[in-house]
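These notes concern the structure reproduced below.
The values are calculated or read from the model by the stated rules, or taken from the named source; none is laboratory data. Worth saying up front: this structure is predicted, and the values here are computed from it rather than measured. In this analysis, Cβ positions are derived from the backbone assuming ideal geometry, glycine residues included, and neighbour counts consider all displayed protein chains.
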Ligand SMILES: Cc1ncc(C[n+]2csc(CCOP(=O)(O)OP(=O)(O)O)c2C)c(N)n1
Ligand SMILES: [Mg+2]
């Protein structure tokens, strides 16, 4: 953005309610790629089967001016009902992500993996004599930390959902 | 997956093709610009059996969209297009993008292969909704005939409301044959799309205080005023008069404020007038209405109107703070906002600071005295500016519309032709599409059969949709193609001269056709002027003939278009003529700009 070359880059979590119809996700993704915005994480699922509404959660980063542009551009898409910047709330919103982490190994490393999983409140959802699959839920940072430790203990694969988020307090969307 | 089959409103069932035509009629469509093919044959068959809707057969689908744009821009109505699947749809893409960039309301119906073949690489299958997603305001694929009427009405609503734009409705062939219920336009309410047209009053009040206290104000207004409808232009003129402030228009906004008005500074931007650009640079309060701080207007952003307070009125929230950070944003339709501005100005009995305004106008008069549009007058060769000036004088007093192609001729037309009313000036601003002018002129002429419609063209641009001469002849639309033939892609040549060491790489128009014979081959009239003494006669003859005409105006091949603000420069870095040089100072970041 020419005006604010030196402006600070901020990370924002934006929630969008859209009609669950073919092509909506493509519109949102096309908007980000076409205009050169970042997507750090994007999740989508239907949240209202009666009205057929889906909620998309996007984590993006940019200068203040770019973030405002992203919200205005999203709001302009015809099948979009509401756009809300959860990072603009007074209190930080609640963010959660789920990961499945496969760790392969035996002996000391295997025991250490299990001990750490316990500390992180990760659940074992699959086990063989040489492997575990852990399920862990938390903030993105917690998941990064967990994966960082597991990578030294035989982690061979991981799958993450991306971030879902919701505002605090009694207020709704 | 479309499920929402609405409750049947009437027991009567129609085929998809008949639903299409009934919906178009109910939307007030009179003309459809189109081209047939396998995937739209049922709709063409239904067209054959009726007489209310007139179909205009173009010669290329791109031209169908431009013609619909010409119709839409000159009438304020939605333009309607019908093309087949695959190549029909892909050919329409340039027109759709053009309409998106210039905010022109278009509904384009595309045929699609039958639903059971979608995704199979069937003959003439293209992912039309995928391809057109980024070049439409919205698009639809209708897989169930029960949704067809609703989607068409919704499409028209989306195309025309808020910031207008093109909408594609892709209709598989089996849906055109299938029978379903019809719903009328009034039974539709859009679920999510409700653009804000009325402004927040507090913001308007705040704006009025800023405007009234300005010392060096300027109105900078654009296509949003034209799109809002003729009333908005009247209100703009009224409000500008109430303040006595200067007003400049963007390329898209020409005509929204009368060119002959003493408060008018001409067009601003890259080829705008000296006085408009310097007034923008020196203003302390900028009142931007329905314009979008395009890079052709702002020049170097960091030096754009430094120190000014900027008020931005726009119907599209995403236009606010996109390129330039503004101090006060007002979301709303230009007409509504101007109405509120006038009311509040009157109620608060605002008076501008007369002393400051007098000094400001004195400064502007000094800039005006530079006479920035002057050019070398000569008898030896037809100067392109001279040809346009003679055209201007010849059509004064005749009800007329002007379209253009893209290049130097377009800029000269914008600089030298005075537009007193909105909707009279149809040019491709945002996309800059060579080949726009002729089909747009045909669409405009069909809407205004009694008016004079002139396409100010370049010899290179006209070749891009020259096939539409055939359409003009078939429908007896007496459009005038006024070619400023400089034997070059003049605008390209100008940039090469100024920025690339006069290396004229591929910009010479080699092997041009004889435009007079070409006109005759199409069954139109061809005229040529190669001497200054022939210019007036040729123009008079062009106007007299009640047929399509091509004028080959052989002009100076070397003339450049001034003033010019080279890319990446500030408004006060303006070149006024050939003696101003630029090579010393074109900054590198300017070179990469287009
Ligand atoms: C479809 C398309 N292709 C390329 C361009 C780039 N371009 C802009 S102006 C121009 C030259 C136009 O030449 P001409 O029509 O003769 O007009 P002149 O500048 O000579 O008046 C070109 C190639 C464009 N605007 N549109
Ligand atoms: Mg030329």
In the stretch B:89-128, residue nearest to the chain's Cα centre (by Cα) [restricted to those that are within 13 Å of another protein chain (Cβ to nearest Cβ) and not in a helix (DSSP H, G or I)]: B:103
Considering the stretch B:513-524 alone, what residues qualify as being in contact with a helix residue (DSSP H, G or I) (Cβ under 6 Å, 6 or more places away or on another chain) and either farther than 14 Å from residue B:462 by Cβ or within 16 Å of ligand 1 (Cβ to nearest atom) (or both)? B:523
Which pairs turn up if I take residues in the stretch B:393-412 that are closer than 25 Å to residue B:450 by Cα and look for partners that are near ligand 1 (Cβ under 8 Å from one of its atoms) with beta carbon separation below 6 Å, at least 6 apart in sequence or on another chain? B:404/B:410; B:405/B:434; B:405/B:457; B:405/B:458; B:405/B:461
Regarding residue B:297, is this residue touching a helix residue (DSSP H, G or I) at 6+ places or on another chain (Cβ under 7 Å), surrounded by 24 or more Cβ atoms within 10 Å (Cβ to Cβ) and not in a loop (DSSP other than H, G, I, E, B)? no
With the requirement that a residue be more than 31 Å from the chain's Cα centre (by Cα) and surrounded by 20 or more Cβ atoms within 10 Å (Cβ to Cβ), what does the stretch B:179-216 give you? B:180, B:181, B:183, B:214
Mind listing just one residue for me: the one in the stretch A:122-141 that is under 19 Å from the mean Cα position of the chain (by Cα) and farther than 13 Å from residue A:162 by Cα and, of those, surrounded by the fewest Cβ atoms within 10 Å (Cβ to Cβ)? A:135
Please return the ranges of strands (runs of 3 or more DSSP E) entirely within the stretch B:456-569 where 2 or more residues are over 17 Å from residue B:388 (Cα atoms). B:525-529
Out of all the residues in the stretch B:477-500, which are in contact (Cβ under 8 Å) with a residue 40 or more places away in the chain, more than 13 Å from ligand 2 (Cβ to nearest atom) and more than 24 Å from the chain's Cα centre (by Cα)? B:497, B:498, B:499
Is there a residue being in a helix (DSSP H, G or I) and within 11 Å of ligand 1 (Cβ to nearest atom) anywhere in the stretch B:362-377? no
Can you spot a residue in the stretch B:424-446 that is closer than 17 Å to residue B:397 by Cβ, within 15 Å of ligand 1 (Cβ to nearest atom) and modelled with pLDDT of 95 or more? no
Mind listing whichever residues of the stretch B:306-320 are within 20 Å of residue B:570 (Cβ to Cβ), in contact with a helix residue (DSSP H, G or I) (Cβ under 8 Å, 6 or more places away or on another chain) and in a loop (DSSP other than H, G, I, E, B)? B:306
List the number of the failed condition for residue B:507; all other conditions in (1) in contact with a helix residue (DSSP H, G or I) (Cβ under 7 Å, 6 or more places away or on another chain); (2) at pLDDT below 95 hold. (2)
Considering only the stretch B:430-447, state which residues are buried (at least 24 other Cβ atoms within 10 Å of the Cβ) and part of a loop (DSSP other than H, G, I, E, B). B:433, B:435, B:436
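For (1) modelled with pLDDT of 95 or more; (2) more than 25 Å from residue B:105 (Cβ to Cβ), each residue gets a yes or a no:
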site: B:164; (1), (2): yes, no
site: B:171; (1), (2): yes, no
site: B:177; (1), (2): yes, yes
site: B:181; (1), (2): yes, yes
site: B:196; (1), (2): no, no
site: B:202; (1), (2): yes, yes
site: B:219; (1), (2): yes, yes
Filtering the stretch B:326-340 down to residues that are within 14 Å of chain A (Cβ to nearest Cβ) and assigned to a loop (DSSP other than H, G, I, E, B) yields B:326, B:327
If you scan the stretch B:404-426, which residues turn out to be closer than 15 Å to residue B:98 by Cα and either within 14 Å of chain A (Cβ to nearest Cβ) or within 16 Å of ligand 2 (Cβ to nearest atom) (or both)? B:404, B:405, B:406
For the stretch B:309-325, give me the residue count where each residue is more than 10 Å from chain A (Cβ to nearest Cβ) and surrounded by fewer than 20 Cβ atoms within 10 Å (Cβ to Cβ). 1
Run residue B:110 past the list (1) in contact with a helix residue (DSSP H, G or I) (Cβ under 7 Å, 6 or more places away or on another chain); (2) more than 22 Å from residue B:173 (Cα to Cα) and report the number of the one that doesn't hold. (2)
What number goes with the only condition from (1) away from ligand 1 (no atom under 16 Å from the Cβ); (2) modelled with pLDDT under 95 that residue B:499 does not pass? (1)
What number of residues in the stretch B:395-422 are surrounded by fewer than 22 Cβ atoms within 10 Å (Cβ to Cβ) and at positive phi? 1
When every residue in the stretch B:448-466 that is away from ligand 2 (no atom under 16 Å from the Cβ) and surrounded by fewer than 24 Cβ atoms within 10 Å (Cβ to Cβ) is compared, the one nearest to the other protein chains (Cβ to nearest Cβ) is B:448
Regarding the stretch B:142-150, can at least one residue be identified that is closer than 18 Å to residue B:180 by Cα, within 10 Å of chain A (Cβ to nearest Cβ) and at pLDDT 95 or above? yes
Against the conditions (1) part of a helix (DSSP H, G or I); (2) surrounded by fewer than 19 Cβ atoms within 10 Å (Cβ to Cβ), where does residue B:236 fall short? Just the number, please. (2)
